[in-house]
There are 2 protein chains.
Amino acid sequence: MIEDVQLRIPGPSPVPPQVALAMGQPMIGHRGSEFSALYERLIPFAKELFGTSGDVLFVTGSGTAGMETAVANIVSPGDKVLLLTCGSFGNRFGQILAAYGADVDRLEAPWGECIDPNAVATKLQAAGPYKAVFVTHNETSTGVANDLKAIGHAVHEFGQGALLVVDSVSALGGMEVRMDDWHLDIVVTGSQKALMLPPGLALIGVSERAWEVIDQAQSPRFYFNLKKYKASGDKAQTPYTPNIALLFGLEKTFALMQAEGLTNIYRRHDLMRDMVRAAIRALGLELLTADSCASSTVTAVKGSSEVPSEPLRKTLKEQFKVQVAGGQDQLKGEIFRIGHMGFAGPRDMLTIIASLECALAVHGKPEVLGRGVKAAQEVWLREVQR
Amino acid sequence: MIEDVQLRIPGPSPVPPQVALAMGQPMIGHRGSEFSALYERLIPFAKELFGTSGDVLFVTGSGTAGMETAVANIVSPGDKVLLLTCGSFGNRFGQILAAYGADVDRLEAPWGECIDPNAVATKLQAAGPYKAVFVTHNETSTGVANDLKAIGHAVHEFGQGALLVVDSVSALGGMEVRMDDWHLDIVVTGSQKALMLPPGLALIGVSERAWEVIDQAQSPRFYFNLKKYKASGDKAQTPYTPNIALLFGLEKTFALMQAEGLTNIYRRHDLMRDMVRAAIRALGLELLTADSCASSTVTAVKGSSEVPSEPLRKTLKEQFKVQVAGGQDQLKGEIFRIGHMGFAGPRDMLTIIASLECALAVHGKPEVLGRGVKAAQEVWLREVQR
């Protein structure tokens, strides 16, 4: 079948053709004026996207490289830090912190639930002070969105100067981030999620206050040394050879995002979330996460003994041409995850749901045909007609 | 909204990203060995696609340029020809024939119906001999497929040597064509339909028997002179500068088509037809064409006083991101036409139908939500499960 499999995993996400073409521009030298001009064109919208008047820096590497950059520049061995975790990517922050010798306190939420900002405030008061607090904005492994604004305010009010470091890899660009207003000190994202690019570029926002800590931090770092990125960035360069094709593509995605407008982009992601959730309920499947904690970029759906998630996922991909992700770690085999971020819109949600219904029919549930689509259509129609 | 409008008009059709990238290869000179090597790589599958051991030639121009090439090389002023027409593109053949001074007899079918091969046999016997018979394989304006095999046999048996010239612009590559077996003498197609390329290239199959007539034809022609294309083609070149990017792309589409296999491609197109038709019926809309004449690449749907087709089409495109075509000539404002050719598959049909349902809901038919999708899903499931 010539029909491509529609990639609806929570990253990498589909790349718009215009962006792919922009990435194909002829290479330029990264020490020349053309590169600096490109760099300077990128910065204003990057700051708008992060909601900061501080710095946004580009590290060539995956989202994990961005997370390690944050840790390596903040944490000295023995530093006491607070890790907020509710899933696999929160735990990854914990693994990186352990590798850098941090003394880690953990505040956990069960997988599928979000971090309670009040519990953060209580923990900070009871067990602080901490050098920094680490949090996952959007827990990709469970489809949980943490309330970054409320957590930011809790750390600001009760953190006794602790920095707040945010993994927003699977949210930024699809869900609102306001670094300055929400008191976020370091925010990391990756190119391959809501920014609609292939993987390979981490974007890192750094607050004024963070630089003071970075200046003092003792962990060894060279490639991940943010001070080098800052010094080069002030000359519109990067310290090491950057992924120029991804920066070409980033310019195009920024243009697309500016044309749509950030408010519309966030509303589109909320709409996709609401359509998928309405459809999943109409299909008689169970959502992993309550509405109050639901991510706008990824939705996790529980398998059942009747229709286990892995065979369903296989049928959906192989026979009906939509690829969704499985579960990770303790949720492996228990859930499937639908990515709806970046280059995706409500029409695509109808496609996903219609194909999912076909897969469910193959697995003995022919009665669901059309039901989920109808529920998703009704959500979209409410948005269109309001 | 960043979501692209899905282009489901009956051509141009969507271009696969791999093909778009292949078209971006660096230019080559059209008189060099690289070009001849490309040309030679294209010919074997081109012949398979046309079902001929004769010639397949490339004329840089639209499908109409290909149709004119056929006329200009066959028809001398005053030649008596038979035109079989059942729509706008059949009539276009008639306009070209008139421009070349042919004496045109017409055998017409009402728009929405197909040509009766028995009527062709009768006409040939009653009013022949003709220099040539002109027929539209797939009438894009109405979504009608003519029975090319039966017409080919009628002309072969009762045509007293008349050539059969076929416009297969919107069929070839999506519906079977067997030039040699079906006694077709000239077959024309374009790049922008089932061949999944942008417009700009006509492919023309020419039988041994046709060359004898071409040698004698008196109409003036230079750019469209097929003998020049044949002479250059024998040296793996074209007489005039070809659209090299489209030939790069053609090599890629041929590779994709070979990988899928022609039998599977034709079955996929039949499946798309059947899904769309089942859905349209389930939505309570009226098809223009009977099943027996239904095209596998384009389906025409009647508007009604309740839901006129033009406002529906506008809503579908602007609010629900699927673009279908309107009617042409006498059907303008009366029908809309869904293209399902080339880079399209059954999952895409679910998308079209789900979006169409949303548009119908906006136009006062909320009760249809999910219904057409279900009908299309059932057709797909039968195919998957057989």
Can you tell me which residue within the stretch B:1-13, out of those that are surrounded by fewer than 19 Cβ atoms within 10 Å (Cβ to Cβ) and in contact with a helix residue (DSSP H, G or I) (Cβ under 9 Å, 6 or more places away or on another chain), is nearest to the other protein chains (Cβ to nearest Cβ)?
B:3
Could you check residue B:55 against (1) within 14 Å of chain A (Cβ to nearest Cβ); (2) at pLDDT 95 or above and say which number it fails?
(1)
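For the stretch A:270-292, which positions are within 14 Å of chain B (Cβ to nearest Cβ), surrounded by fewer than 24 Cβ atoms within 10 Å (Cβ to Cβ) and assigned to a helix (DSSP H, G or I)? Walk me through how you get there before you give the answer.
Filtering the stretch A:270-292 down to residues within 14 Å of chain B (Cβ to nearest Cβ) leaves A:270-272, A:275-276, A:278-279, A:282-283.
Right, trim to surrounded by fewer than 24 Cβ atoms within 10 Å (Cβ to Cβ) and you get A:270-271, A:278, A:282-283.
Matches in the stretch A:270-292: A:270, A:271, A:278, A:282.
Name the single residue that is surrounded by the fewest Cβ atoms within 10 Å (Cβ to Cβ) among those in the stretch B:45-55 being assigned to a helix (DSSP H, G or I) and not aliphatic (A, V, I, L, M).
Step one: of the stretch B:45-55, the residues assigned to a helix (DSSP H, G or I) are B:45-50.
Within this subset, residues satisfying the condition of being not aliphatic (A, V, I, L, M) are B:45, B:47-48, B:50.
Values: B:45: 18, B:47: 17, B:48: 14, B:50: 26.
The selected residue is B:48.
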Filtering the stretch B:323-333 for residues that are surrounded by fewer than 24 Cβ atoms within 10 Å (Cβ to Cβ) and either within 14 Å of chain A (Cβ to nearest Cβ) or part of a helix (DSSP H, G or I) (or both) leaves a count of 4
If a residue must be in a helix (DSSP H, G or I) and in contact (Cβ under 8 Å) with a residue 40 or more places away in the chain, how many such residues does the stretch B:25-42 contain?
8
Hits in the stretch B:16-44 - residues which are within 14 Å of another protein chain (Cβ to nearest Cβ) and either under 28 Å from the mean Cα position of the chain (by Cα) or surrounded by 14 or more Cβ atoms within 10 Å (Cβ to Cβ) (or both):
B:16, B:17, B:18, B:19, B:20, B:21, B:22, B:23, B:24, B:25
Search result, residues across the stretch B:293-322 that are of a type in the set (Lys, Arg) and either part of a strand (DSSP E or B) or more than 13 Å from chain A (Cβ to nearest Cβ) (or both):
B:302, B:313, B:314
Quick check: is even one residue across the stretch A:262-272 in contact (Cβ under 8 Å) with a residue 40 or more places away in the chain and closer than 27 Å to residue B:279 by Cα?
yes
Checking residue A:128 against (1) closer than 17 Å to residue A:185 by Cα; (2) at pLDDT below 95, which test does it fail?
(1)
For residue B:336, the lone unmet condition from (1) without any contact (Cβ under 8 Å) to a residue 40 or more places away in the chain; (2) at the interface with chain A (Cβ under 7 Å from one of its Cβ atoms); (3) outside any helix (DSSP H, G or I); (4) not β-branched (Val, Ile, Thr) is (2)
Checked the stretch A:254-269 for anything at the interface with chain B (Cβ under 10 Å from one of its Cβ atoms) and among the polar types (S, T, N, Q); matches are A:264
Which condition from (1) closer than 17 Å to residue A:64 by Cα; (2) more than 19 Å from the chain's Cα centre (by Cα) is the one that residue A:165 breaks?
(2)
Of residues in the stretch B:65-93 being part of a strand (DSSP E or B) and of a type outside the set (A, V, I, L, M, F, W, C), the one surrounded by the most Cβ atoms within 10 Å (Cβ to Cβ):
B:85
Among the residues of the stretch B:116-134, write down those that are part of a loop (DSSP other than H, G, I, E, B) and under 25 Å from residue B:214 (Cβ atoms).
B:128, B:129, B:130, B:131
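Taking residue A:301, is it β-branched (Val, Ile, Thr) and within 22 Å of the chain's Cα centre (by Cα)? So that I can check it myself, show each step before the final result.
Numbers: β-branched (Val, Ile, Thr): yes; within 22 Å of the chain's Cα centre (by Cα): yes.
Yes.
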Would you confirm whether or not the stretch A:94-101 contains a residue that is buried (at least 19 other Cβ atoms within 10 Å of the Cβ), not in a helix (DSSP H, G or I) and not basic (Lys, Arg)?
yes
Would you check which residues across the stretch B:339-386 are surrounded by fewer than 23 Cβ atoms within 10 Å (Cβ to Cβ), more than 7 Å from every other protein chain (Cβ to nearest Cβ) and closer than 30 Å to residue B:250 by Cβ and list them?
B:383
Pairs returned, first residue in the stretch B:58-79 that is aromatic (Phe, Trp, Tyr), second residue that is assigned to a helix (DSSP H, G or I), beta-carbon separation under 9 angstrom, 6 or more apart or interchain, are B:58/B:39; B:58/B:42; B:58/B:46; B:58/B:229; B:58/B:233; B:58/B:246; B:58/B:247; B:58/B:250
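The values are calculated or read from the model by the stated rules, or taken from the named source; none is laboratory data. Just so it is clear, the model here is predicted, and its values are computed rather than measured. As a convention, Cβ positions derive from the backbone with ideal geometry for all residues, glycine included, and neighbour counts pool all protein chains shown.
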